[in-house]
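Since the structure comes first, as structure tokens, the remarks are kept for the end.
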Amino acid sequence: MIWTLGLYFFRRYMMTSLWFFLGVISITYLIDFTETSGRYDNLPGYSVTGVLYLTALRLPLILQQTVPFIGLFVGMATLISLNRKSELVVARAAGISVWQFMAPFLTGATLIGLTTTLVINPLAAWGERQGTEIETKWRETAGSAKPAPIPWLRQSSGGNDVALGARAVLEDGTLLVDAVLLHFDQDGRIVLRQDARTASLKDGYWMLTDVLETRPGEIQTRLAEARVATNLNEEFVQQRLARPESVAFYDLFQKIEVARSFGIAPHALETQFHSLLSLPFLMIAMTLIAATVSLKFSRINQSRTVILGGILSGFVLYVVSVLVRAFGSSGVMPPYVAAWVPVVVAMALGATILLHKEDG
């Protein structure tokens, strides 16, 4: 009987999850499409088809960020629905404990978390890279762009000290768009500035195109192409400029190891890796929080105060998780601590509340 009842609860949970996912995807797509259309409708490369495609590319990343909230609302909606139909009352009357009939919901939450980590995240990383390339091409056509927070690189090659910056980074960091190269002398003074439309990393040099060179006290000169020697290799540049959200879960561990081999602190990549590993457990924590506010029997109306308390608790957990992950990405605390501590604490609190309420 327990197996049959568990399978029934599991199906109810997964069907509710499916409807929630379809609703979130539809609403998110419409909102993002409207916002993107308003942002790019004045660019020469704009087209409705292009914006539809760009919105679809960004959808997995947005969906990945909303999955914890979906887990919270699905758990609350399913348990409240079962309560109103007295199905949980019957289960308890049959001698089934809260942990037994909660097992299907926790299993479903774990599966959704694993699917997000193993399927949605790689799609989100790929879509983020493709979307960035499309946006960059549209802005290039327009001839103006909004600066993005791209980290600067510093290189010393052949006695030359050069700092490199760019508005956008494409092709995994080997192509810089609207690049700026500042050349310093031995005293740390700028002796040359090169503004290039693109800077492409080749074997032992940067290939610059459409270059404007500026030297102190001299007239600016325009060059079609220019080369700048470099001792940076492709893997180093990729690790230095890689954004965690553009790296798929399957590639994160390798990226972390390569970054360490170059002496680069991989705090952001490690935090992203542990956050994705802990996502199934975060879904379990959200489901436990949903259970603490949804298991009380109410045939007509569940207490609005209790439901609001559950929503606020889930929101606080999510905000704290994001805040602590920011500390981990910046190196303030170890990445594994930043990713796992909020999740473990939330699971412990949820289990403790259920033990107190259901088992005395």
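The values are calculated or read from the model by the stated rules, or taken from the named source; none is laboratory data. Because the structure is predicted, anything quoted here is derived from the model rather than measured. All Cβ positions, glycine included, derive from the backbone under ideal geometry; neighbour counts span all protein chains shown. What goes into the accessible areas is simple: the full protein's heavy atoms, side chains included, and nothing from ligands, DNA or RNA. Shrake-Rupley method; radii C 1.70, N 1.55, O 1.52, S 1.80 Å.
Give the carbon-plus-sulfur fraction of the accessible surface of the chain in %, rounded to a whole number; probe 1.4 Å, heavy atoms of protein chains only.
On the way: 11540 of 18400 Å².
Here it works out to 63 percent.
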Taking the chain as a Gaussian network, where each spring joins two C-alpha atoms under 10 Å apart, which residue of I190, I120, I307 fluctuates the most? I190
Positive-pole candidate from V169, F20, T230, dipole of the chain, charges at beta carbon: F20
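In Å², what does the accessible area per residue of the chain work out to with a 1.4 Å probe?
Numbers: 18400 Å² over 360 residues.
Accessible surface, normalised per residue, equals 51 Å².
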Rounded to the nearest 10 degrees, what's the angle between the helix 98-115 long axis and the longest principal axis of the chain, both from Cα atoms, 0 to 90? 20 degrees
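With all protein chains present and a 1.4 Å probe, how do W126, W99, W138, W206 order by accessible area, largest first? Let's see the in-between values first.
On the way: W126 110, W99 85, W138 25, W206 0 Å².
Result, largest first: W126, W99, W138, W206.
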Please give the charge dipole size of the chain, origin at the Cα centre, charges +1 on K and R Cβ atoms and -1 on D and E Cβ atoms. Round to the nearest 20 debye. 1460 debye
Roughly how far apart, in whole Å, are the Cα centres of region 35-86 and region 177-236? 41 Å
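Select from region 178-276 those GluC sites (Glu not before Pro) which occupy a DSSP coil region and have at most 11 other Cβ atoms within 10 Å, ordered by residue number.
On the way: sites: E213, E218, E225, E234, E235, E245, E257, E270; in loops: E218.
Answer by residue number: E218.
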If one takes the longest principal axis of the Cα atoms in the chain, at what angle in degrees, from 0 to 90 and to the nearest 10, does the Cα axis of helix 304-329 lie? 30 degrees
